[in-house]
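The next block holds one structure in the form of structure tokens; read it before the comments.
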Amino acid sequence: MRPLTGFAFALLISACAPHTVPPAATTTEAQATAPEALGDLSWTKGGMVAAADVRAVEAGLKVLRDGGNAVDAAIAVHAVLGLVEPQSSGLGGGGFMVYYDRANDALTVFDGRETAPAAATADLFIKDGKVMEFVPAWQSGRSVGVPGQIALYKAAHEAAGRADWASLFQPAIDLAEDGFEVSPKLAEALAEPRLRGAIRLDDNPVTAAYFYPDGEPLPAGFVRTNPAYAATLAAVAQDGPAAFYQGPLAADIVAAVAEGPDGGSMTLDDLANYKVVVRDAVCGELQTGYKLCSAPPPSSGGVAQNLIMGLYEYLKPKAKDVDESLYLKAFVDAQRLGYADRDHYVADADHVPVPTADLIDPVYIKARALEAFAPGEKATPGDPGVVLGKEPLRPMWGEDPTEPGHGTTHISIIDLDGNAVSMTATVEAAFGASRMAGGFLLNNELTDFSREPTKGGKPVANAPGPNKRPRSSMSPTIVFDEGGDLFMVTGSPGGNSIVAYVAKTLVGVLEWGKTAQEAAALPNVIARGDTVGVEVDVAGGPETAQALRDFGYTVEERTGENSGLHLIVVRERGLEGGADPRREGAATPIR
Ligand code: GLY
């Protein structure tokens with residue numbers, strides 16, 4: 001493995017003091033496991049599960065201890081998260097899983113992204129001749145995409161799982177039947193007046209009865225049972241995805257989507273026809289020797305993370321002993337350029353042309369780095385077609401106006417054979433579309449499309465369309481070292497900001513010599529559009545904001561950031577985990 005630099009960024013290093021990590025977020029290192037305990041003798045670093053709730057982490061660890069692999073564990077972890085963290089993801093949503101199979105040195109992406117119904121058109125969010133506002137669109141039946149999560153579980157399990165399918169759901173079924181303690185984060189979200197004012201969770205009788213019994217939000221510590229969730233999972237455990245995509249549960253989903261306000265067009269056929277797409281990961285080679293792999297379009301991961309890290313390599317200071325804030329500036333400029341390209345070009349490549357390979361071509365990245373915009377200017381998209389001597393690409397699309405929400409979670413797992421899963425899952429905005437069926441919430445993922453289908457007289461790449469998948473910022477990422485060995489598994493929730501959050505862990509670990517936990521705890525810096533968002537209510541945040549203002553950037557001070565980074569770094573001595581202190585999770589090794 002290549003030695004990492006010991007670079008310490010003075011403005012940011014203060015955020016890394018251990019006291020900034022609250023006790024709920026554990027950072028742990030796996031002891032190297034004795035080789036005879038391993039299924040594959042070439043892997044001696046143990047296993048780890050990192051996710052947003054300790055009950056989910058424990059379910060995953062049990063699967064690994066019982067002989068299951070990373071795919072098995074991810075299913076068990078996510079089934080628990082769907083119950084205990086329903087504001088973020090669940091059975092009614094979708095996600096992307098990147099799976100590394102160590103024995104075959106192979107990467108596979110399972111695209112379980114929610115899909116627009118067959119009857120959806122580019123005008124999905126046009127009502128009475130006007131573009132619907134975000135909140136009414138978010139609460140509408142029109143926003144619900146055909147869920148992909150259960151189909152993703154099955155596709156991944158059939159391709160790579162090792163444990164008994166039905167056993168993977170038992171921890172979640174037990175918790176749903178016996179009751180789970182409402183976490184402080186869930187209680188906080190349910191009681192939050194602005195969120196409560198915006199969403200229909202306590203107007204809709206089904207969700208009100210579940211989340212607001214007697215009209216009051218569930219308090220932290222309340223033991224909530226969910227027999228309907230247990231029944232759904234028991235049916236899926238027995239009959240597989242057919243129990244979800246056909247029959248009475250499918251009919252309940254269609255009915256919940258059809259309800260007002262602004263019921264959606266999803267049909268039983270839409271559910272029955274849902275397919276996971278198995279795709280190749282998008283991988284780029286960094287100059288430092290790392291290979292960075294993430295999900296392909298409609299995910300932004302592979303394109304955006306390779307662009308940002310590739311641009312950073314050109315933009316970072318080359319001289320030694322320079323003002324360290326120049327490294328921060330390089331990261332900000334790399335993000336500004338990367339976001340502008342991501343916004344313009346990335347969409348569902350099964351429906352529109354996406355120049356994935358051109359956007360991460362080193363020749364394009366080198367040329368794009370020279371376009372660094374002045375801090376006061378808005379970064380605009382580049383044109384890989386022009387740079388690479390092909391047809392111009394930029395004029396094909398109108399400017400992207402997509403505005404996604406924040407209901408997502410991320411799971412990173414390395415199993416005892418050195419296989420890895422990076423899976424980000426979502427219901428789009430918090431609590432999705434505020435509609436329930438079968439004990440779970442339905443997503444509002446279709447608001448990840450641009451609600452405006454055209455801009456400046458041109459179509460927007462990420463406009464809605466029949467059976468199309470909305471663009472996602474989700475960036476489940478796996479990094480390999482220059483010897484080709486597994487080095488890092490990372491990802492985060494956070495809507496549009498996911499791209500910046502995940503890039504922060506990449507630059508933190510690969511470039512700035514941070515540990516996994518230090519990288520997760522760094523202040524969030526989101527450089528998209530004409531402002532730079534800086535998280536100022538964490539150590540190092542105010543200094544970071546000031547440094548960027550001094551360069552001339554327009555800084556938007558942010559508090560209450562909702563990243564949820566869960567990452568694992570493979571070190572010589574074992575696995576190093578990081579769990580975002582902004583959430584309630586853990587990165588826990590097998591003991
Ligand atoms: N719904 C969040 C995302 O897919 O980017």
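Readers should treat all values here as calculations from the given coordinates under stated rules, not as data from a laboratory. Bear in mind the structure is a predicted one, so any value in this text is a computation, not a measurement. Every residue, glycine as well, gets a Cβ built from its backbone with ideal geometry; the counts of neighbours run over all protein chains shown.
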- Message: Using a 10 Å cut-off around each Cβ, can you sort 591, 336 from fewest to most neighbouring Cβ atoms?
- Response: 591, 336
- Query: From the Cα gyration tensor of the chain, with a ≥ b ≥ c the square roots of its eigenvalues, which class applies: rounded if a/c is under 1.5, or else prolate if a/b is larger than b/c, or else oblate?
  - Reply: rounded
- Message: Can you work out the Karplus-derived ³J(HN,Hα) for every residue in the range 159-168? Use 6.51 cos²θ - 1.76 cosθ + 1.60 with θ = phi - 60°, whole Hz, and x for glycine or proline.
- Response: 6, 9, x, 10, 7, 4, 3, 4, 5, 5
- Query: In 5 Å bins starting at 0, how do the alpha-carbon pair distances of the range 331-436 split up by percent?
  - Reply: 2, 10, 15, 16, 16, 14, 13, 9, 4, 1, 0
- Query: For the range 419-428, in order, what is each residue's ³J(HN,Hα) by Karplus, 6.51 cos²θ - 1.76 cosθ + 1.60 with θ = phi - 60°, in whole Hz (x at glycine and Pro)?
  - Reply: 7, 9, 10, 10, 10, 10, 10, 8, 10, 6
- Least to most buried among 590, 498, by other C-beta atoms within 10 Å and fewest first, runs 590, 498
- Across every pair of different alpha-carbon atoms, what Kirkwood hydrodynamic radius in Å does the range 498-591 reach? 14.0 Å
- Over the Cα atoms of the range 78-207, how large are the radius of gyration and the largest Cα-Cα distance (Dmax), in Å? 18.3, 56
- Under a Cβ-Cβ cut-off of 13 Å, what is the net charge of the residues other than residue 182 that fall near it, where Lys and Arg count +1 and Asp and Glu count -1? -3
- Which value in Å is the Kirkwood Rh of the range 211-345 over different Cα pairs? 20.1 Å
- HN-Hα couplings for the range 377-383 via Karplus (6.51, -1.76, 1.60; θ = phi - 60°), in whole Hz with x for Gly/Pro, come out as 8, 8, 6, 10, x, x, 10
- Which order do the peptides 56-67, 191-202 take when ranked by the mean count of other beta-carbon atoms within 10 Å per residue, highest first? 56-67, 191-202
- How long is the gain from residue 485 to residue 225 if the chain were fully straight, where each residue apart is worth 0.36 nm and the alpha carbon distance is subtracted? 89.3 nm
- Message: Please give me the summed charge of the neighbours of residue 68: other residues whose Cβ is under 12 Å from its Cβ, Lys and Arg +1, Asp and Glu -1.
- Response: -2
- Query: Which aspartates and glutamates have a Cα less than 15 Å from the Cα of residue 316, not counting those fewer than 8 places away in the same chain?
  - Reply: 324, 333, 371, 511
- Excluding residue 456 itself, what net charge comes from residues whose Cβ is under 14 Å from its Cβ, given Lys and Arg +1 and Asp and Glu -1? 0
- Query: Taking a threshold of 26 Å on the Cα-Cα distance, which of the pairs 320/504; 127/275; 62/275; 318/366 fall above it?
  - Reply: 127/275; 62/275
- Query: Using the 10 angstrom Cβ neighbour count as an exposure proxy, how do 49, 536, 282 rank, fewest first?
  - Reply: 536, 282, 49
- Express in nm, to one decimal, how much length is gained between residue 121 and residue 133 on full extension, taking 0.36 nm for each residue of separation and deducting their alpha carbon distance. 2.6 nm
- Query: Calculated from DSSP H runs of 4 or more alone, at -39500 (n - 2.57) each and per residue, what is the 222 nm mean residue ellipticity of the chain, nearest 500?
  - Reply: -9000 deg cm²/dmol
- Note on the structure: Counting every C-alpha pair in the range 158-231, the percent lying more than 20 Å apart is 43 percent
- FRET efficiency (residue 162, residue 591; Cβ distance; R0 22 Å; to 0.05) is 0.55
- Task: Would you list which lysines come within 23 Å of residue 130, measuring only between C-alpha atoms, while excluding same-chain residues fewer than 8 positions from it?
- Result: 455, 458, 468
- Task: Taking only the C-alpha atoms, wrap a convex hull around the range 415-568 and report its volume per residue in Å³ as a whole number.
- Result: 190 Å³
- Query: What is the spin-label model distance, in nm, from residue 105 to residue 380 if the labels are put 7 Å beyond Cα along the C-beta direction?
  - Reply: 4.5 nm
- Note on the structure: Across all Cα atoms of the range 216-296, Rg and the largest Cα-Cα distance (Dmax), in Å, are 20.0, 55
